[in-house]
1. Rounded to whole Hz and in sequence order, give me ³J(HN,Hα) for segment A:112-129 from the Karplus expression 6.51 cos²θ - 1.76 cosθ + 1.60, θ = phi - 60°, writing x for Gly and Pro.
2. Under the rule of -39500 (n - 2.57) per DSSP H run of 4 or more residues, summed and divided by the residues of the protein assembly as shown, what mean residue ellipticity at 222 nm is obtained, to the nearest 500 deg cm²/dmol?
3. Return the average number of partner chain Cβ atoms within 10 angstrom of each residue Cβ along peptide B:151-160.
4. Once both axes come from the Cα atoms, what is the angle between helix A:170-179 and the longest principal axis of chain A, in degrees from 0 to 90, rounded to 10?
5. How many angstrom lie between the C-alpha centres of segment B:192-253 and segment B:119-133?
6. Per-residue mean of other chain beta-carbon atoms within 10 angstrom of the beta-carbon, peptide B:39-45?
7. Any idea what the dipole of segment A:1-105 comes to, in debye rounded to 20, about its Cα centre with Lys/Arg Cβ at +1 and Asp/Glu Cβ at -1?
8. Given H placed on each backbone N at 1.01 Å, which residues far from B:LEU314 in sequence or on other chains put an amide H within less than 5 Å of it?
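Computed from the coordinates by the stated procedures, all read-outs in this text should not be read as laboratory data. Please read these numbers as outputs of a predicted model, since none were measured by experiment. FYI the Cβ positions are ideal-geometry reconstructions off the backbone, even for glycines, and counts take in every protein chain you see.
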Protein chains: 2
Amino acid sequence: MGLKDIGEFGFISRISPQCLIRRDGVYKAIGDDSAAFWAAQGELTLLTTDLLVEGVHFYPGVTSGFNLGQKALAVNLSDIAAMGGTAREAFVSLGIPERYSLAYLDDLYRGMQHLAREFSVNILGGDTTGSRQDLIINIALTGSVSENEILCRDRAIPGDLICSTGCLGDSRAGLHLILKSIPRDTPELDKLFQAHVLPRPCLREGRFLAAAGATAAIDVSDGLSSDLSHLLASSGTGARIKAGQLPISAELESFCARFGFDPVEFALAGGEDYTLLFTVRPDEADRLADGYQEEFGSVFRILGEMTDTGRLELVTASESIVPLEPGGWNHFQQDGAS
Amino acid sequence: MGLKDIGEFGFISRISPQCLIRRDGVYKAIGDDSAAFWAAQGELTLLTTDLLVEGVHFYPGVTSGFNLGQKALAVNLSDIAAMGGTAREAFVSLGIPERYSLAYLDDLYRGMQHLAREFSVNILGGDTTGSRQDLIINIALTGSVSENEILCRDRAIPGDLICSTGCLGDSRAGLHLILKSIPRDTPELDKLFQAHVLPRPCLREGRFLAAAGATAAIDVSDGLSSDLSHLLASSGTGARIKAGQLPISAELESFCARFGFDPVEFALAGGEDYTLLFTVRPDEADRLADGYQEEFGSVFRILGEMTDTGRLELVTASESIVPLEPGGWNHFQQDGAS
């Protein structure tokens, strides 16, 4: 059974009951020309949107509807996390080719709703329509944050330490497994695959860092070198990263050893990790690290520091300083395959 | 020259300078993980989103980038209009196949910015990515309206008069010209074509009607019979429309006479007119009509009235009452061609 059997409005009736997760502030959910809601009082409204297109961002043959639904929402949640915000209302646009089964679409919604429940996010509206060839998923997501806690890209200053909430490069290794149809025959390879298909949005980490006084943040979607270059362009600073301090997982080390790659390359240029890259004043770092460990039971990693050179630089394993080019994923200029 | 020559970030730098139309309330525009803005104080936030897909909603061979950009924003503005709201911040996601020229994309943005300026709407963010085959445009648009003026679908009561701000069926006739490659060799045919490719969002009309006390509203996107059926389902009422009172333009009459169609059919089932269908208490109708004429120099049309039958009915030219089936455009169940 497909969408043409029940129609757009039949589909909307089918998915709507599970979309309202949190009632506070909601005035009109799905079912009118627009949703209507009260923005969080005294706070800034945040809004982000991400478009995922079949064959460009995902491959339905390898990704279940449930995982795809989660990822589509996760990448938006990650943008709200990078502002230090709380996520609130999601709006889901789907363009659906005829060959997609209702079962796959139900599964896609279950994935979104699963993650929405975890972060108290409502799905308050959207648009459902046909598409000739590719499945299309666009999500617009609102959030809120107070003006004195918002994390922006333009507030890092020279001397600030550059940190990451998690490991880098795992997602790119997972993408490699998918693109090359390499079987996930060990727990390590499966973990890399999961890092690509089910990234965890760092909303709690972002809220903590915003409240604790981190100076700037961005999420790692295009790759460390690219995303860091946005941060330094916005802040008008330079940055120096130490190769020896890159957070590289044991799984990525093992993958690179097996398939002949350089893990530093993956950590620098691999995209879609959705960790938070953030900066802290050096004299605040210990306090933040202690609080972070207490809150999350894990440590964040310090990768380097902001400089006043205007340049992005890498300190190599042999202690030489080389320019670092933004080399993350660019959907137009290079292929996803490594 | 195409997108791959300048990349996603080159494109964003290119279009950004013209995107900030109105500075008040804007905290972060394009250039961070999310936009940040102050919602209108004491008002509800509205949010709507529409997805347009090449080959389903538009045909680039016949629509210029400028017109397509305007229409993509117009259909969202129309949803805010139907809530009685003021439009505020737009977020544009584009999925772009390689064959599209930068000139076409520039033109698309110029079209959006043209309409955005007219209605003081900012483009505060979005997402730009690749697409394998079809051009994809998703816009999410915020608005605001006070709680005591918001126009919802569920507040019509039996006895309310059903009205339309403009003519119905013109857009569907324009679509027919496009689908059948019929030359627009008269000013009448050209007007029908324009009604399809450049619908006017009724934002000022919606604001007026909300403030003046209309009871409910919906915009005509799927077609009168479909959209009215949503209104009566939400309100828990019936409705009776008079065929003799349908607002049919002289251009549509002339088109139907020439090509052998029934103009009543077009007015009942043709979609994408983006007029507002609204209801008023009968004892308020004269006051509203006078105020409307004074404000806009034109009249709205009364098509029939809400009933307590729960049914959607049509009074035919011969004064018999027949059931009216929702017969508007359904992207999954029927083809766009008439």
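1. These are the phi-based 3J(HN,Hα) values: 4, 5, 4, 6, 4, 5, 4, 10, 6, 9, 7, 9, 9, x, x, 8, 10, 8 Hz.
2. It comes out at -11000 deg cm²/dmol, rounded to the nearest 500.
3. On the way: counts 2, 7, 4, 3, 0, 0, 0, 0, 0, 0.
Mean partner-chain Cβ count within 10 Å for B:151-160: 2.
4. Here the helix axis deviates by roughly 50 degrees.
5. The two parts, judged by their Cα centres, are 28 Å apart.
6. On the way: counts 10, 1, 3, 2, 3, 9, 13.
Across the residues of B:39-45, the mean count of other-chain Cβ atoms within 10 Å is 6.
7. Using only the charged Cβ atoms, the result is roughly 260 debye.
8. When sequence neighbours closer than 5 places are left aside, the close amide H contacts are B:ILE241, B:VAL322, B:LEU324.
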